[in-house]
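To start, the structure under review is shown below, and the notes come after it.
The values are calculated or read from the model by the stated rules, or taken from the named source; none is laboratory data. What you see is a predicted model; the values in this text were computed from it and never measured. Every residue, glycine as well, gets a Cβ built from its backbone with ideal geometry; the counts of neighbours run over all protein chains shown. Please note that ligands, DNA and RNA were not included when accessible areas were found on the heavy atoms of the full protein model with its side chains. Shrake-Rupley method; radii C 1.70, N 1.55, O 1.52, S 1.80 Å.
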Amino acid sequence: MSKIVIQSLPTGAGDAKRLAALLGLSWQEIALHRFPDGEIRVTVGPAASTTILYASLDQPNDKLIAILFAAEALRRAGASRLVLLAPYLCYMRQDAAFHEGEAISQKAVGRLFAATVDRVITVDAHLHRTHDIKAVFPGIEAEDLSAMPAIADALRKSGVDPATVVIGPDAESRPWVSDLASRLGLAYTVAQKIRRGDRSVEISFAEAALLAGRPALLVDDIVSSGGTLTACARALKDAGATAIDAVITHALFPPDMAAGFAAAGIRSVRSTSSVPHPSNAIPLDDILATALHGEIDGKRFPEKTP
Ligand SMILES: O=P(O)(O)OC[C@H]1O[C@@H](O)[C@H](O)[C@@H]1O
C-alpha cells in the first residue's frame with residue numbers, strides 16, 4: 001500500500017489534481033453513481049495509509065453522504081489516517097439555535113466528521129462566534145487556514161491603488177480585513193450590518209467620510225445570496241467611493257448573479273479557488289500544499305518559529 005494519496009469528489013477534481021501535482025502525490029477521482037431513487041453509490045480508488053479526501057463542501061448535502069461512504073470504503077481498504085481537506089466547510093454559519101427548536105448545524109457536522117476522519121483542514125471557516133475550530137471537531141486535529149496571504153499576493157501582482165480603503169461588511173470581518181489591509185499597507189474600515197432575512201441586509205458606514213473620493217476594496221469570506229455585497233456596494237457609492245472591487249474566499253453565488261453585482265456598481269469580483277466558480281482568480285494551492293507538507297514528511301506539527 002502506498003504511503004499517501006489524494007482522492008477527490010468529482011466537483012473540484014481539477015483543483016485537487018493540481019494540488020497533488022504540486023506535492024508530487026498521486027490523485028484519484030472518487031466515482032459517484034446516482035440510483036433512480038436518489039441514493040448514491042461511491043467507488044473510491046486504491047487506499048493509501050494516509051488518504052487525503054479533497055472535497056469543497058458547497059452544495060453540501062450529497063457531498064456529506066459521499067464523504068461518509070468514501071471514508072467507510074477507505075478505512076475497510078486499510079487507510080489508517082484520513083485527512084479531510086475541505087477548502088469550504090459547510091454549515092458553519094448555523095452555530096447557534098437562533099430560534100427555539102433549531103438545530104445547531106455546526107455542532108452536528110463537526111461531530112459527524114470527528115467520528116469519520118482524523119484531521120480536518122479548511123480555509124476561512126465561518127467561526128465568527130465559535131472562534132476555535134478545535135471546539136467544532138472534538139478529539140481530532142483541525143485547522144482553519146487564512147486565505148488572506150493568497151489574496152494579498154494576487155492583489156500585489158495585479159496592482160492596487162495606494163488610496164484604496166479595504167472594506168469589511170460587518171464587525172465580524174474585522175480580523176481578516178485588518179490582516180489584508182496591513183499586508184497591503186492600506187487603510188480599512190468595517191460596516192455595520194443588520195440582517196433582515198436570507199437575502200436582505202442593511203449596511204451603513206460610521207466612517208463614511210474616509211470613503212469619499214477613494215477606491216474601495218470589499219473583502220468577505222462568503223458570498224451566497226449576494227445581498228451583503230450588493231448592499232455594501234450601494235452604501236459605498238452613496239459615501240462617494242470612486243470604484244468598487246470585491247475579493248472573496250468562498251464563491252457560493254450562482255454565476256449569473258454577476259450582472260446584478262455590475263448593476264450595483266461593483267467593477268470586479270474575484271474569488272479564491274476554494275469553490276470552483278467563473279470568478280476564481282486566486283489559487284489556494286500554495287497554502288493548501290504547505291498545510292499538507294507535514295503529512296508527507298511525517299512531521300505533522302512542526303515547531304512554530306517565533
Ligand atoms: O449576503 P450573502 O451573500 O447571502 O451572505 C454572505 C454574508 O453573510 C455572512 O454570514 C458572511 O460572512 C457574508 O458576509
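Taking every residue in the range 205-233 that is open to solvent by less than 30 Å² (accessible area, probe 1.4 Å) and pairing it with any residue that is more than 6 Å from the ligand (Cβ to nearest atom) and among the aromatic types (Phe, Trp, Tyr), at least 6 positions away or on another chain, the pairs with Cβ-Cβ distances below 6 Å are 223/253; 226/253. All of 239, 191 fail the test of being surrounded by 19 or more Cβ atoms within 10 Å (Cβ to Cβ), among the hydrophobic types (A, V, I, L, M, F, W, C) and farther than 27 Å from residue 93 by Cα, apart from 239. Inside the range 240-270, residues that are closer than 20 Å to residue 181 by Cα and of a type in the set (A, V, I, L, M) make up a count of 8. Taken together, 268, 274 contain a single residue that is in contact with a Pro (Cβ under 6 Å, 6 or more places away or on another chain) and either open to solvent by less than 20 Å² (accessible area, probe 1.4 Å) or touching a residue at least 12 places away in the same chain (Cβ under 8 Å) (or both), which is 274. The set of residues in the range 242-251 that are open to solvent by less than 30 Å² (accessible area, probe 1.4 Å) and either farther than 20 Å from residue 271 by Cβ or over 25 Å from the mean Cα position of the chain (by Cα) (or both) contains only 243. Among the residues of the range 152-174, write down those that are within 15 Å of the ligand (Cβ to nearest atom) and either part of a loop (DSSP other than H, G, I, E, B) or surrounded by 15 or more Cβ atoms within 10 Å (Cβ to Cβ) (or both). Selection gives 166, 167, 168, 169, 170, 172, 173. Regarding residue 290, is this residue open to solvent by 30 Å² or more (accessible area, probe 1.4 Å) and not assigned by TED's automatic domain parsing to the domain that holds residue 175? Yes, satisfied. Note on the range 215-293: enclosed strands (runs of 3 or more DSSP E) holding 2 or more residues that are within 11 Å of the ligand (Cβ to nearest atom) are 216-223, 244-251.
Has the range 38-54 got at least one residue that is under 21 Å from the mean Cα position of the chain (by Cα), assigned by TED's automatic domain parsing to the domain that holds residue 112 and open to solvent by 70 Å² or more (accessible area, probe 1.4 Å)? No, every residue in the range 38-54 fails to be under 21 Å from the mean Cα position of the chain (by Cα), assigned by TED's automatic domain parsing to the domain that holds residue 112 and open to solvent by 70 Å² or more (accessible area, probe 1.4 Å).
Comparison of 145, 184 shows that the only residue that is among the hydrophobic types (A, V, I, L, M, F, W, C), more than 16 Å from the ligand (Cβ to nearest atom) and in contact (Cβ under 8 Å) with a residue 60 or more places away in the chain is 145.
Taken over the range 175-188, the criterion of being open to solvent by less than 60 Å² (accessible area, probe 1.4 Å) and either within 19 Å of the chain's Cα centre (by Cα) or at positive phi (or both) is satisfied by 176, 177, 178, 179, 180. Checked against the criteria, residue 59 counts as in contact (Cβ under 8 Å) with a residue 40 or more places away in the chain and on the phi > 0 side of the Ramachandran plot.
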